[in-house]
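Participant: Dumping the structure here so I can ask a few things about it.
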Amino acid sequence: MELGISSFVETTPDVVTGETMSHAQRMREVVEEIVLADRVGLDVYGIGEHHRPDFAASSPAVIMAAAASLTTNIRLTSAVMILSSSDPVRVYQDFATLDGLSDGRAEIMVGRGSFTESFPLFGYDLKDYEEIFAEKLDLLLQIRESERITWEGKYRPAISDLPVYPRAVQQPLPVWIGSAGSPESAVRAGELGLPFALAIIGGVLPSQFVRHVQLYKEAAAKAGFDPAKLPVASHSHGFIAKDTKTALEKFFPSTYARTNFRAQEKGLPPYSRADYDAACSFDGALYVGDPETVANKIIYLRKQIGITRFLLHVPHGTMPHDEVMEAIRLLGTEVAPRVREEITRWEAAEE
């Protein structure tokens, strides 16, 4: 069972001061967070690509490259790269470079993205959303398998027997498919035999994703892959403090502000404290509490859905850097040992 952190490198206004930190400052803080996550024994750190003023990570590979030489064991992944509006050649090159700098610790998680700003920015039409993703995923997978590429598609110029460098240290370089809950994404990942990651966020119940994992494994088996060997990850917002009351109160202000901002953007009903408390319950999708509470929720998720990797998305909106660092420390030193011990014992009993 792997545990780690995911981040969108948020730069939302501070809920207390109203001030917004610079993108540069937040990126430097994230590098410190990655270094700490490595030091406390976490397995992976993921950064999501965005092209908005409230997120500083338009280039996840560059930020993680800054942390690569400062870390030893932690895996470094996108979470996710918006492949539809990216060039698969450049995506592979960036992450192969990161793989070299980290001595084989890079991963690519691709998805269609829940934000659409990158489409007009890079000259793509949203009406081609689905078709572009399928075409570019095909090219990316060909590039990771072969040094020389001959390829032709509809949305990118053809490639005629050209090499792509540098090559990754890992062969093959891991490519995950990330999804916010699309059954089609689950089936696609299974058919391709690729690791699958679920974003279990918002007002949903984690139990709603049991069927997605079933679809994924059924598709993998039908395509000739061994489902037992395919990793399944999830990422959810959350926060850890020494006691649950403190965690709940510290995480609420930024979560409330950020969720209501997104609700206004999307025309959704306003978010309330009651919504927050429900999501923080044992069956909810927010992983907020003391180390024991958060560990028990992760263990339950593993047994219920079958995940093999859990990413805690922290912060949600801007929070004090020292509080985020403490949450990461607690995840690595107190939550992770509890989870790994229980899952090991449970799996041994299942055999």
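Participant: So L268 fits all but one of (1) surrounded by fewer than 23 Cβ atoms within 10 Å (Cβ to Cβ); (2) of a type outside the set (G, A, S); (3) assigned to a helix (DSSP H, G or I); what number is the exception?
Facilitator: (3)
Participant: Restricting attention to the stretch 303-321, report how many residues are crowded, with 21+ Cβ neighbours inside 10 Å, in contact with a helix residue (DSSP H, G or I) (Cβ under 8 Å, 6 or more places away or on another chain) and either of a type outside the set (V, I, T) or part of a strand (DSSP E or B) (or both).
Facilitator: The number of residues fulfilling the criteria is 6.
Participant: Report, by residue number, each residue of the stretch 83-137 that is polar (S, T, N, Q) and either in a helix (DSSP H, G or I) or open to solvent by 10 Å² or more (accessible area, probe 1.4 Å) (or both).
Facilitator: So in the stretch 83-137, the residues polar (S, T, N, Q) come out as 84-86, 93, 97, 102, 114, 116, 118.
Answer for the stretch 83-137, where residues must be polar (S, T, N, Q) and either in a helix (DSSP H, G or I) or open to solvent by 10 Å² or more (accessible area, probe 1.4 Å) (or both): S84, S85, S86, Q93, T97, S114, T116, S118.
Participant: Do you know which of the residues in the stretch 44-63 that are free of Cβ contacts under 8 Å to residues at least 60 places away in the same chain, outside any loop (DSSP other than H, G, I, E, B) and under 10 Å from the mean Cα position of the chain (by Cα) is farthest from P88 (Cα to Cα)?
Facilitator: Y45
Participant: So which residues in the stretch 64-82 are under 15 Å from the mean Cα position of the chain (by Cα), open to solvent by less than 40 Å² (accessible area, probe 1.4 Å) and either within 15 Å of I34 (Cα to Cα) or acidic (D, E) (or both)?
Facilitator: Initial filter on the stretch 64-82 (under 15 Å from the mean Cα position of the chain (by Cα)): 64, 74-82.
Imposing the further condition that a residue be open to solvent by less than 40 Å² (accessible area, probe 1.4 Å) reduces the set to 64, 74, 76-82.
Passing the criteria: M64, I74, L76, T77, S78, A79.
Participant: With respect to F282, determine if the residue is surrounded by fewer than 19 Cβ atoms within 10 Å (Cβ to Cβ) and farther than 17 Å from V335 by Cα.
Facilitator: Working: surrounded by fewer than 19 Cβ atoms within 10 Å (Cβ to Cβ): yes; farther than 17 Å from V335 by Cα: no.
Against the criterion (surrounded by fewer than 19 Cβ atoms within 10 Å (Cβ to Cβ) and farther than 17 Å from V335 by Cα), F282 does not qualify.
Participant: Moving on to the next point. Kindly indicate whether S236 is closer than 26 Å to G332 by Cα and assigned to a helix (DSSP H, G or I). Let's see the steps before the verdict.
Facilitator: Values: closer than 26 Å to G332 by Cα: yes; assigned to a helix (DSSP H, G or I): no.
No; evaluated as a whole, the condition is false for this residue.
Participant: I'm trying to understand the selection: among the residues of the stretch 216-232, which are surrounded by 17 or more Cβ atoms within 10 Å (Cβ to Cβ) and of a type in the set (G, A, S)? Full working, then the answer.
Facilitator: Taking the stretch 216-232 first, the residues surrounded by 17 or more Cβ atoms within 10 Å (Cβ to Cβ) are 216-217, 219-220, 225, 227, 230, 232.
Within the stretch 216-232, A219, A220 qualify.
Participant: Determine the pairs where a residue that is closer than 12 Å to A233 by Cβ, located within the stretch 191-208, has a partner that is basic (K, R) and open to solvent by less than 40 Å² (accessible area, probe 1.4 Å) with Cβ atoms under 8 Å apart, the partner being 6 or more residues away or on another chain.
Facilitator: Pairs found: A197/R309.
Participant: Then there is this: Which residue out of V324, V339 is part of a helix (DSSP H, G or I), touching a Pro at 6+ places or on another chain (Cβ under 6 Å) and buried (at least 18 other Cβ atoms within 10 Å of the Cβ)?
Facilitator: Details: V339 fails: touching a Pro at 6+ places or on another chain (Cβ under 6 Å).
Within the list V324, V339, the selection yields V324.
Participant: Can you confirm whether Y256 is modelled with pLDDT of 95 or more, open to solvent by 60 Å² or more (accessible area, probe 1.4 Å) and in a helix (DSSP H, G or I)?
Facilitator: Working: modelled with pLDDT of 95 or more: yes; open to solvent by 60 Å² or more (accessible area, probe 1.4 Å): yes; in a helix (DSSP H, G or I): yes.
For Y256, the condition - modelled with pLDDT of 95 or more, open to solvent by 60 Å² or more (accessible area, probe 1.4 Å) and in a helix (DSSP H, G or I) - is met.
Participant: While we're here: Output the qualifying pairs, or none if there are none: Cβ atoms under 7 angstrom, residues six or more apart or on different chains, first residue in the stretch 219-241 and free of Cβ contacts under 8 Å to residues at least 60 places away in the same chain and more than 30 Å from E323 (Cα to Cα), second residue part of a strand (DSSP E or B) and open to solvent by 50 Å² or more (accessible area, probe 1.4 Å).
Facilitator: Once the first residue is free of Cβ contacts under 8 Å to residues at least 60 places away in the same chain and more than 30 Å from E323 (Cα to Cα) and sits in the stretch 219-241, no partner that is part of a strand (DSSP E or B) and open to solvent by 50 Å² or more (accessible area, probe 1.4 Å) comes close enough.
Participant: Report the residue count in the stretch 140-175 for those that are under 25 Å from R105 (Cα atoms), open to solvent by 10 Å² or more (accessible area, probe 1.4 Å) and part of a strand (DSSP E or B).
Facilitator: Qualifying residue count, the stretch 140-175: 2.
Participant: Within the stretch 199-214, restricting attention to residues that are of a type in the set (G, A, S) and open to solvent by less than 80 Å² (accessible area, probe 1.4 Å), which residue is nearest to the chain's Cα centre (by Cα)? Reasoning before the result, please.
Facilitator: Residues of the stretch 199-214 of a type in the set (G, A, S): 199, 202-203, 207.
Those left that are additionally open to solvent by less than 80 Å² (accessible area, probe 1.4 Å): 199, 202, 207.
Values: A199: 7, G202: 15, S207: 19 Å.
Per the criteria, the residue is A199.
Participant: On to the next question. How many residues are more than 12 Å from P315 (Cβ to Cβ) and of a type in the set (V, I, T) if we restrict to the stretch 227-263?
Facilitator: 4
Participant: Here is a further query. Give the number of residues within the stretch 203-232 that are in contact with a helix residue (DSSP H, G or I) (Cβ under 8 Å, 6 or more places away or on another chain), of a type outside the set (D, E, K, R) and not in a strand (DSSP E or B).
Facilitator: The initial filter retains those residues of the stretch 203-232 that are in contact with a helix residue (DSSP H, G or I) (Cβ under 8 Å, 6 or more places away or on another chain), namely 203, 206-207, 209-213, 215-223, 225-227, 230, 232.
With the extra rule that they be of a type outside the set (D, E, K, R), the set shrinks to 203, 206-207, 209-210, 212-213, 215-216, 219-221, 223, 225, 227, 230, 232.
Still in the list and also not in a strand (DSSP E or B): 203, 206-207, 209-210, 212-213, 215-216, 219-221, 223, 225, 227, 230.
So the answer is 16.
Participant: Hey, another quick one. Please name all residue pairs, on different chains or six or more residues apart, with Cβ atoms under 6 Å, provided the first residue is in the stretch 152-178 and is farther than 27 Å from R75 by Cα and the second residue is surrounded by fewer than 18 Cβ atoms within 10 Å (Cβ to Cβ) and not small (G, A, S).
Facilitator: Close Cβ pairs (under 6 Å, with a partner that is surrounded by fewer than 18 Cβ atoms within 10 Å (Cβ to Cβ) and not small (G, A, S)) amount to A158/E152; S160/T150; D161/R148; D161/T150.
The values are calculated or read from the model by the stated rules, or taken from the named source; none is laboratory data. On a predicted model such as this, the values are computed, not experimentally measured, just so you know. Ideal geometry is used to build each Cβ from the backbone, glycine not excepted, and the neighbour counts take in all protein chains shown. Heavy atoms of the whole protein, side chains included, go into the accessibility calculation; ligands, DNA and RNA do not. Shrake-Rupley method; radii C 1.70, N 1.55, O 1.52, S 1.80 Å.
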